[in-house]
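As structure tokens, the structure follows; a few thoughts come after it.
Values quoted throughout were computed directly from the atomic coordinates according to the rules given, and no laboratory measurement underlies them. Source: prediction; values computed, not measured. Cβ placement follows ideal geometry from the backbone for every residue including glycine, while neighbour counts extend to all protein chains displayed.
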Amino acid sequence: MANGSRIRLRSKRLSDAKDDYAWQTDPELAKLDATEALDFSYQQFLSEYTYELCYPRLSRHEFSIDTLDGNHIGNCVYYNVNSNESKTELGIMIGKRAFWNQGYGVEAINALLSYIFNNTNLEKVYLTTLEWNIRAQKCFRKCGFVDCGHLVRDNQNFILMSIRREEFKILVSTAKEPSLK
């Protein structure tokens with residue numbers, strides 16, 4: 001679907017379920033995602049996962065993040081697609097800790113932004129990130145996202161960030177990284 005120099009975004013498949021279940025039941029990863037870790041069985045998860053693969057929602061587009069050698073290291077998504085306002089929300093998780101702090105998140109986000117802006121009419125991509133998650137904020141800023149507000153949800157403080165199509169085009173045209181071109 002979209003490639004970087006070290007990663008490939010691809011459609012989700014049933015073989016991803018085991019990794020996704022492990023990541024969604026991990027308390028530390030859940031905390032980074034401002035949620036609670038799943039507390040139901042793998043069989044229940046697999047049933048819902050299979051249903052979502054067969055009947056995907058039109059306003060949600062999920063991708064697996066693989067290394068070029070096929071190692072599934074995380075997931076990214078654009079969702080809450082609002083065609084009237086020409087915007088969507090972005091989410092990402094690098095589930096395998098061995099791939100943290102090495103630029104894989106930046107590469108995956110840039111690949112997803114390229115996919116969105118080259119394959120849809122959407123003009124704006126936004127996200128929320130926890131106020132204390134400095135590592136995520138640095139990643140998003142490297143990809144061109146700018147702070148555009150704060151919000152409180154479920155007693156947690158978030159920073160709202162966004163990027164527009166034209167801003168991303170400018171970044172891509174001036175980028176020295178081959179993963180953006």
Net length gained if the chain between Cys148 and Trp100 were fully extended (0.36 nm per residue, minus Cα distance): 14.7 nm
Angle between the chain longest axis and helix 104-119 axis [Cα atoms, degrees, rounded to 10]: 70 degrees
Förster radius 25 Å - calculated FRET efficiency between Arg60 and Ala175 (Cβ-Cβ, nearest 0.05): 0.30
Estimated FRET transfer efficiency (Leu68, Glu131; beta-carbon r; R0 45 Å; 0.05): 0.85
Degrees between helix 42-54 axis and first principal axis of the chain (Cα, 0 to 90, nearest 10): 50 degrees
The range 2-180: antiparallel DSSP beta bridges as a percent of all, rounded to 5: 90 percent
Charge dipole magnitude, Cβ of K and R +1, D and E -1 - the range 2-180, Cα centre, debye nearest 20: 600 debye
Rounded Å value of the spacing that divides the Cα centres of the range 45-68 and the range 75-141: 16 Å
Modelled label reach - Asn84, point 7 Å along Cα→Cβ, the range 95-132 residues with backbone N closer than 17 Å: 122-124
Structure-based [θ]222 nm, the chain - -39500 (n - 2.57) summed over DSSP H runs of at least 4, per residue, nearest 500: -10000 deg cm²/dmol
Directionally averaged shadow of the range 56-107, computed from the convex hull of its alpha-carbon atoms, nm²: 4.3 nm²
Angstrom value of the Kirkwood radius, inverse mean 1/r, which spans all Cα pairs in the chain: 16.9 Å
